[in-house]
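Novice: One structure follows; several queries about it will come next.
What follows draws every value from the coordinates through simple rules; no lab data is involved. Just so you know, these numbers come straight off a predicted model, no measurement behind them. Backbone-built Cβ (ideal geometry, glycine too); neighbour counts: all protein chains shown.
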Amino acid sequence: MKVALASDHRGFKLKNILGDFLKEKGYNVVDFGTHTSDPCDYPDMVWPACLAVKNKKAERGLLICYTGIGSCIAANKVKGIRAALVHNLKSAILSRKHNNSNVLVLPAYLVTSKEAKRIVSKWLKEEFEAGRHLNRLKKVKEIEEAEFV
């Protein structure tokens, strides 16, 4: 599986830890930056990572910033992206099972690298349940496709 990986400067350290971890597990990781701990703006890395997921150049995306909030907001502006900001294993699992999330967003200040590895590992393996959740996602897609005046 190919994973698009991105962070801002506050998520840089955890991004590198998770990137190495995923490569060790056999994932193909595409790192969209940042590549230093110098201050930067998360949309500059989030957008190309999410475009890779949208355009099927990566199956999933993983974003990290300090709170995860900004990256999640930016990610969900990209049509076709269902980004989930998670703080624990249970929310990561449910984001896949119920929402078919294709981008995982982690807050660097709230999760340890050990917790992040567990969350990411489980999220990447988890499947979408479909069933009753399909109709809900259809409605979300209708909202995404709608043109409001």
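Novice: So which residues in region 20-61 are closer than 19 Å to Asp8 by Cβ, surrounded by fewer than 19 Cβ atoms within 10 Å (Cβ to Cβ) and of a type in the set (S, T, N, Q)?
Specialist: Correct list: Thr36, Ser37.
This table checks each residue for (1) in contact (Cβ under 8 Å) with a residue 40 or more places away in the chain; (2) small (Gly, Ala, Ser).
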residue: Asn16; (1), (2): no, no
residue: Gly33; (1), (2): no, yes
residue: Trp47; (1), (2): no, no
residue: Ala58; (1), (2): yes, yes
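Novice: Looking only at residues that are outside any helix (DSSP H, G or I) and touching a Leu at 6+ places or on another chain (Cβ under 6 Å) in region 104-149, which one is surrounded by the fewest Cβ atoms within 10 Å (Cβ to Cβ)?
Specialist: Filtering first and then ranking leaves Ala108.
Novice: Additional query: If you go through region 33-61 one residue at a time, how many are hydrophobic (A, V, I, L, M, F, W, C), outside any loop (DSSP other than H, G, I, E, B) and touching a helix residue (DSSP H, G or I) at 6+ places or on another chain (Cβ under 6 Å)?
Specialist: 2
Novice: With respect to the numbered conditions (1) in contact with a helix residue (DSSP H, G or I) (Cβ under 9 Å, 6 or more places away or on another chain); (2) under 20 Å from Gly19 (Cα atoms), which one is the sole condition not fulfilled by Tyr66?
Specialist: (1)
Novice: If you don't mind, there's one more thing I want to ask. Of the residues Ile81, Ile64, Ile17, only one is aliphatic (A, V, I, L, M) and part of a helix (DSSP H, G or I); which?
Specialist: Ile17
Novice: Continuing with the same structure: For residues that are without any contact (Cβ under 8 Å) to a residue 40 or more places away in the chain and of a type in the set (Lys, Arg), scanning just region 84-135, find the one that is nearest to Val3 (Cα to Cα).
Specialist: Lys125
Novice: Could you say which residue among Ile81, Ile73, Ile69, Ile64 is surrounded by 16 or more Cβ atoms within 10 Å (Cβ to Cβ) and either over 14 Å from the mean Cα position of the chain (by Cα) or within 21 Å of Val140 (Cβ to Cβ) (or both)?
Specialist: The conditions single out Ile81.
Novice: Somewhere in region 22-36, is a residue closer than 26 Å to Lys141 by Cβ, of a type in the set (S, T, N, Q) and in contact with a Leu (Cβ under 9 Å, 6 or more places away or on another chain)?
Specialist: no
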